[in-house]
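The values are calculated or read from the model by the stated rules, or taken from the named source; none is laboratory data. For clarity, every value in this text was computed on a predicted model and none was experimentally measured. FYI the Cβ positions are ideal-geometry reconstructions off the backbone, even for glycines, and counts take in every protein chain you see. SASA here: full protein model, heavy atoms, side chains in, ligands and nucleic acids out. Shrake-Rupley method; radii C 1.70, N 1.55, O 1.52, S 1.80 Å.
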Amino acid sequence: MTNANNATAAGLSWVKDMKLAPSGKDKIDWVWPNMPVLRRIAEDFKKDQPFAGMNILLCLHLEAKSACLGLAMQAGGARVIMAASNPLSTQDDVCAAMVEEGLVVVARHGASPQEYADCHRKALDIGPPDLYVDDGSDVTTLLHREYPQYLPQVIGGCEETTTGIQRLRAMAKDGALKIPVYAVNDAKMKYLFDNRYGTGQSVWEAIMSTTNLVVAGKTVVIAGYGWCGKGVAMRAKGLGAEVVVTEVDPVRALEAWMDGFRVMPMEQAAPLGDYFITVTGVSGVVRGAHMAKMKDGAILANAGHFDVEISVPDLQAIGEGPRRVKPNIDLYKTKDGRRLYLLGEGRLVNLACGYGHPAEVMDTSFAVQALSLLDMKQNKGKMANDVIPVPAEIDRRIAEIKLAGAGLAIDSLSGEQEKYRESWVV
């Protein structure tokens, strides 16, 4: 990036302090070598310049790994605008480092609800996006509600969360979705690795480092047994906890039971849990009726998406609080003297209280984002205004690059085997 481009990015950006940039650069330099797939894609983008002259908006948790996605898109010729998908996960030093690299960044850690919403508007005001990546459908919703005049220029977007895809499908069902959006969260190279292994590891890293309490021998109640819930449950079991799963889906509930976990409604689980972790994408999963039954010292954390899965208003209504007793730990004291602790204000615990998913996991997830944007650009005007599955070829290509980077080889079918597999005659 030229100095002129850097100056332009700095003039458009809203970050806390540019003096923090060296620390942010160190973080980026740490994760980038551990993202071989995204690096390979960035090299191809730099050579082919597929996004030259385009605006690409990335609304993500702004930390070192998402910075690498921004730099990869920039390598492809795009002007990249970065906005936060969560004010508590924003890392101010990384934001400053991205600005120094010529990315436009509008985000600050701890932004007020109004500042947070205004950042999304400012990101769109900088220039209508040709393509975008979303986390929770904030950008999609804002485009349709407040910036409909931009929609004709938008080729499409990508959504990386379960919650966001639920919203998008509701929009599509109502005929309200006016652009195509790839369901990145449903791509195999996303949910099999990011949701399961990334969430499982990062959630427990954040909880353990924040509380400094033992997990072994405790009872962990996990609400939701999708791929993220599976990962959290798997890691809890490995740490020596007894795991209880609550679900609304009978198939997932049965799966949890056959995976060796206890299954019951939240009302029955409430008196048992030492830790409660919500992973659902639904509001009011843990609410006042459950809190009334919880044991003294219970710890509540959300690993879903928005800060609505644990009802904070219900916590506030049970007695005293909140009182900050330790960084990212708020105490709520009930009228009968019990203490309930909420981590990260009920926001995503692995990012509000930790560093998010490992770089090797986000490597594949952000590779899906990058190649999905490329595919969308190449198929401009050919896609329906709907929630669209990521092409299987993208999953396969990313898996092949990842395997090669790990020095792993696999078998291939012979011509005779291919013929046998494709024939109905035995």
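Details
- Residue count for segment 238-252, restricted to those that are open to solvent by less than 20 Å² (accessible area, probe 1.4 Å) and either of a type in the set (Ser, Thr, Tyr) or closer than 19 Å to residue 283 by Cα (or both): 2
- For beta carbons closer than 7 Å, sequence separation of 6+ or different chains, a first residue in segment 255-274 that is of a type in the set (Val, Ile, Thr) and a second that is assigned to a loop (DSSP other than H, G, I, E, B), the qualifying pairs are 263/247.
- Selection status of residue 347, within 18 Å of the chain's Cα centre (by Cα) and open to solvent by 20 Å² or more (accessible area, probe 1.4 Å): yes
- Restricting attention to segment 227-237, the residues that are open to solvent by 30 Å² or more (accessible area, probe 1.4 Å) and closer than 17 Å to residue 273 by Cα total 3.
- Within segment 251-268, the set of residues being over 27 Å from the mean Cα position of the chain (by Cα) and small (Gly, Ala, Ser) comprises 260 only.
- For segment 192-222, a tally of residues being over 18 Å from the mean Cα position of the chain (by Cα) and crowded, with 24+ Cβ neighbours inside 10 Å returns 3.
- Consider segment 156-183 and keep the residues that are open to solvent by 10 Å² or more (accessible area, probe 1.4 Å) and within 19 Å of the chain's Cα centre (by Cα). The one that is farthest from residue 228 (Cα to Cα) is 169.
- Residue-level analysis places residue 409 among those that are more than 25 Å from residue 74 (Cβ to Cβ) and either hydrophobic (A, V, I, L, M, F, W, C) or out of contact with any strand residue (DSSP E or B) (no Cβ under 7 Å at 6 or more places or on another chain) (or both).
- Residues of segment 320-344 that turn out to be more than 21 Å from residue 230 (Cα to Cα) and open to solvent by less than 30 Å² (accessible area, probe 1.4 Å), as a count: 8
- Some residue of segment 390-403 being at negative phi, in a loop (DSSP other than H, G, I, E, B) and under 23 Å from the mean Cα position of the chain (by Cα): yes
- Identification of helices (runs of 4 or more DSSP H) wholly contained in segment 50-165 with 3 or more residues that are within 30 Å of residue 384 (Cα to Cα) yields 64-75, 113-125, 138-146.
- Here residue 192 clears all of (1) without any contact (Cβ under 8 Å) to a residue 40 or more places away in the chain; (2) in contact with a Leu (Cβ under 8 Å, 6 or more places away or on another chain) except the condition numbered (2).
- Being farther than 30 Å from residue 386 by Cβ and not in a loop (DSSP other than H, G, I, E, B) holds for only one residue in 233, 216, and it is 233.
- Number of the condition not met by residue 355 [criteria: (1) open to solvent by 70 Å² or more (accessible area, probe 1.4 Å); (2) out of contact with any helix residue (DSSP H, G or I) (no Cβ under 8 Å at 6 or more places or on another chain); (3) part of a loop (DSSP other than H, G, I, E, B)]: (2)
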